[in-house]
Structures are given as C-alpha cells and as structure tokens.
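Everything on this sheet refers to the single structure shown next.
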Amino acid sequence: MGFEVIGTGHFVPGEPVTNAALARVMDTSDDWIFQRSGIRQRHFAGEGQGASDLAFEAAKRALEMAKLQPKDLDYILFATMTPDYVFPGSAAVLAAKLGLEGTPALDIRQQCAAMIFALQLVDGLIKGGAAKTILFVGAEAHAGFMPWEDWDIVEGKREGEPSPEARARANEHRALAVLFGDGAGAMIFRATDRDAGLVAAKVHTDGRYAETLYVPGGGFRTRPYWKATHFDEQAHIPRMDGRELFKFAVTKLPQTARKLCEETQTPIESIDWFLAHQANARINKYVREHLGVPPEKMPMNIDRFGNTSAGTLPILIDECTRDGKLQKGELNMMLALGAGIHWGCALVRW
Ligand code: ACO
C-alpha cells in the first residue's frame with residue numbers, strides 16, 4: 001500500500017514586500033539580498049493573522065483540487081515553527097477552522113525539514129492502517145519575529161524614516177530578516193494500490209547545532225517562561241549563525257542524497273524532479289552542481305517568496321502541480337534542512 005498526492009494548494013498573505021521596502025527600515029539593498037540569497041520579495045502575515053489562518057486557506061485550495069470536504073480527511077499533520085500559541089499547537093486550531101470535531105491533528109516541529117519527516121509519517125499512517133486520506137500543511141507567520149518596528153513604512157502606508165535607534169536595532173538582525181517570508185502549502189495524500197508513494201527516505205537530526213538557529217527568549221527553562229527583560233534584549237528574534245547553517249546544508253544535503261541513491265540503487269539521472277527547500281538559491285545551486293543535476297530539474301521560487309520554512313516545499317509542489325510539471329509515475333527527490341538541525345531526503349514515486 002502506497003500513497004498518491006490528490007490535491008495541493010498554497011496561500012500567501014498580503015501584497016509582496018520587495019527588498020527595496022526592507023531597505024527603508026534597515027541598511028540593506030536589493031543587490032545585497034538578491035546576490036546572497038536569490039530573493040527579490042516575500043509576503044508577511046498581517047497583525048492578527050496566524051499560521052493556522054494561512055494553513056486554512058491553503059487547505060481549502062488543496063481540498064478543492066482533490067474534490068473532498070474536510071470531513072473526508074482522517075488525519076491532519078501540521079508543521080510550523082511559528083504557531084498561533086505557545087501551546088496548544090496549531091494543528092488543533094486548523095482542524096477547528098476546517099469544522100472538524102475529533103479528527104486527529106498532529107503537530108510536528110521540524111522547521112524547514114518538516115516535509116521530509118511528514119512523508120515518513122504519511123507512509124507509516126497509511127501502511128499501518130491508521131488513515132487513508134491525510135492532509136499535510138506547512139505554514140509560517142514569521143512576521144512576528146521581524147526586527148523592525150515601523151511596519152507602516154515597510155508596507156508603504158507611511159513615508160518617512162524609522163528612528164536611528166529602531167534602524168540600529170533592526171540592523172542587528174538584518175542577515176536573518178531578509179531571508180524569511182510567510183505562507184502556507186497544503187497537500188492531500190491518499191492510500192493507493194498503484195505503484196506510488198514513498199520509495200525511501202533518509203532523515204537525520206543533530207541537536208548539538210540547535211543554537212545555529214533558535215529563539216533565545218521564552219521557553220520553559222525559566223520562571224516565568226517569558227521575562228520582562230526579553231523584549232528589550234530582542235530575545236523574541238531568532239539568532240542565526242548563517243555561515244554555519246550554509247556550510248552544514250551544502251555538506252549534508254548532497255551527502256544524504258547520494259547515500260539515498262546508493263542504498264536504493266537509483267541513478268541520479270533517473271530522477272525526474274529535485275524538489276528542494278528554498279533557504280538560499282546559492283545553497284540549491286551548490287547542491288545541484290554537486291549532484292550533477294541540470295537547473296531545469298530543480299524548480300525554484302525563492303525569488304518570490306523567500307524562505308517560508310515548513311511552508312516552502314508544499315508551496316513549491318503546489319506550483320509545480322498546477323503548472324503541469326509533476327506527473328503521475330515520475331520519481332522525485334525532495335531535500336530539506338531546517339533548524340534543529342534536522343535534514344533529509346526522500347524519494348517519492350508520484
Ligand atoms: N544587507 C546588507 N549587508 C548585510 C546584510 C543585509 N541584509 N546581512 C549581513 N550583511 C553584511 C554583514 O554584516 C557582513 O558585513 P561585514 O563583512 O562588514 O561584516 C557581510 O554582509 C557579509 O555577511 P555574511 O553573514 O558573511 O554573509 P553571507 O554571504 O554568509 O550571507 C546569509 C549571509 C545570506 C545569511 C547566508 O549565510 C545564508 O543564507 N545562510 C544560510 C541561512 C539559512 O539557510 N537559514 C535557514 C535555515 S532553514 C530553517 O530551518 C528555518
């Protein structure tokens with residue numbers, strides 16, 4: 001028993017925010033951002049808009065493609081690193097928005113690597129008989145950790161300059177802030193007797209590197225778990241060791257992909273599409289060149305969305321489904337690495 005993808009959808013909030021718009025509140029430029037990351041614009045969730053709201057819109061679109069109603073789902077997997085509440089996780093919130101009362105909804109916390117872990121869960125749930133129709137959604141509302149204070153200037157609602165102090169505070173986090181954007185991607189998986197589904201996956205975690213990308217403030221190591229000083233210390237903004245993550249990604253992703261191909265005796269040339277997480281266009285170029293994959297086999301959308309963390313792969317897959325790239329019977333590889341550090345590759349027969 002395998003699985004097939006019967007519906008996909010994605011949603012991004014609001015108008016695109018260009019690199020030039022970010023340069024109004026931080027010392028940065030379109031050139032710097034595009035050269036270093038391949039990003040031209042991103043979207044941000046509005047005030048009061050949580051990951052579950054973005055997920056709901058993406059899920060509706062996937063359900064529509066699959067011609068299903070929410071009640072037809074028998075399991076939900078929700079991945080986000082920017083949940084609506086510290087707890088409970090957003091899976092329950094999404095399930096309620098879909099009008100479900102009792103359908104199991106599981107939160108996973110694998111950040112940008114969520115999709116690869118989710119594929120193993122989907123495979124296990126289907127093979128174990130626990131579910132036949134599963135909704136996976138990855139969604140992020142990173143806006144809440146952006147380091148600028150003047151959203152109205154960023155969004156072009158007000159002309160003007162931030163205060164020099166506000167600009168200096170934002171500058172401290174500019175390398176992180178330019179990379180992330182908000183959005184949600186949804187996929188519906190259904191059990192099938194067809195030769196389709198997870199061929200094999202290799203997933204890894206190395207928690208020794210947890211602090212290469214993490215939020216220092218909040219968290220139940222302290223009493224109380226959120227201190228009055230945290231905001232002044234900008235402890236709600238993630239700290240990122242960009243260079244270390246970059247090195248980790250360009251080493252581990254090609255290594256894992258090669259190993260997976262060796263173990264499954266899959267020639268790299270026989271793979272139809274390489275669906276890679278979009279953290280930085282330079283990371284993907286490196287991985288692609290290292291594996292000898294032509295550019296046309298690795299679709300990219302980072303220029304329009306930035307890094308939408310758990311949302312990235314399902315958004316990319318929705319775009320590639322809707323523009324007719326992904327076809328039944330193809331063999332596709334997915335690759336991703338995220339904070340934790342979690343990373344992995346999966347081979348999926350479409
Ligand atoms: N605009 C202009 N200048 C900047 C900016 C900016 N936004 N950010 C940093 N700089 C400056 C730095 O201050 C530095 O200046 P200096 O040389 O005078 O000190 C210079 O640019 C170079 O900075 P580096 O950090 O060395 O730049 P690098 O080429 O490494 O690129 C980047 C930084 C884009 C963050 C890169 O390291 C990267 O993409 N790393 C991977 C990050 C990643 O993948 N994160 C997501 C993980 S996935 C997940 O789970 C969410």
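The values are calculated or read from the model by the stated rules, or taken from the named source; none is laboratory data. Only a predicted model underlies this, so the values are computations on that prediction, with no experimental measurement involved. No Cβ is skipped: glycine too gets one built from the backbone with ideal geometry, and neighbour counts run over all protein chains shown. Side chains are part of the model used for accessible areas, which takes the heavy atoms of the whole protein and leaves out ligands, DNA and RNA. Shrake-Rupley method; radii C 1.70, N 1.55, O 1.52, S 1.80 Å.
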Consider THR80 against the criteria (1) away from the ligand (no atom under 16 Å from the Cβ); (2) within 19 Å of LEU316 (Cβ to Cβ): it satisfies all of them except one. Which criterion is unmet? (1)
Would you check which residues across the range 152-165 are touching a residue at least 60 places away in the same chain (Cβ under 8 Å), away from the ligand (no atom under 16 Å from the Cβ) and in a helix (DSSP H, G or I) and list them? ILE153
Scan the range 171-199 and report the pairs whose first residue is within 13 Å of the ligand (Cβ to nearest atom) and whose second residue is modelled with pLDDT of 95 or more and acidic (Asp, Glu), with Cβ atoms within less than 6 Å and a gap of 6+ or a chain change. ASN171/ASP27; ASP182/GLU140
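I'd like the residue in the range 195-223 that is aromatic (Phe, Trp, Tyr) and within 19 Å of SER309 (Cα to Cα) and, out of all such residues, is surrounded by the most Cβ atoms within 10 Å (Cβ to Cβ). Quick ask: steps written out before the conclusion?
Within the range 195-223, the first condition is being aromatic (Phe, Trp, Tyr), and the residues that meet it are 209, 214, 220.
Checking the rest, the ones that are also within 19 Å of SER309 (Cα to Cα) come to 209, 214.
On the way: TYR209: 17, TYR214: 15.
Per the criteria, the residue is TYR209.
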Any residue that is of a type outside the set (Phe, Trp, Tyr), open to solvent by 10 Å² or more (accessible area, probe 1.4 Å) and part of a helix (DSSP H, G or I) - is there at least one of those in the range 42-55? yes
How many residues does the range 321-341 contain that are within 16 Å of the ligand (Cβ to nearest atom) and assigned to a loop (DSSP other than H, G, I, E, B)? 3
If you check ALA96, ALA143, which single one turns out to be of a type in the set (A, V, I, L, M), open to solvent by 10 Å² or more (accessible area, probe 1.4 Å), touching a Gly at 6+ places or on another chain (Cβ under 8 Å) and not assigned by TED's automatic domain parsing to the domain that holds ALA276? ALA143
HIS10, sole failed condition from (1) assigned to a helix (DSSP H, G or I); (2) over 22 Å from ALA170 (Cβ atoms): (1)
Taking the condition of being away from the ligand (no atom under 14 Å from the Cβ), part of a helix (DSSP H, G or I) and free of Cβ contacts under 8 Å to residues at least 12 places away in the same chain, how many residues in the range 270-315 meet it? 3
Return the pairs, sorted by first residue and then second, in which the second residue is basic (Lys, Arg) and open to solvent by 30 Å² or more (accessible area, probe 1.4 Å), the first residue lies in the range 98-121 and is closer than 10 Å to GLY138 by Cβ and assigned to a loop (DSSP other than H, G, I, E, B), the beta carbons are less than 6 Å apart, and the residues are 6+ apart or on different chains. none
Which of (1) within 23 Å of SER90 (Cβ to Cβ); (2) open to solvent by less than 70 Å² (accessible area, probe 1.4 Å); (3) without any contact (Cβ under 8 Å) to a residue 40 or more places away in the chain does TRP226 not meet, given it meets every other one? (2)
Of the numbered conditions (1) of a type outside the set (D, E, K, R); (2) surrounded by fewer than 16 Cβ atoms within 10 Å (Cβ to Cβ); (3) over 17 Å from GLY183 (Cβ atoms), GLY14 fails exactly one; give the number of that condition. (3)
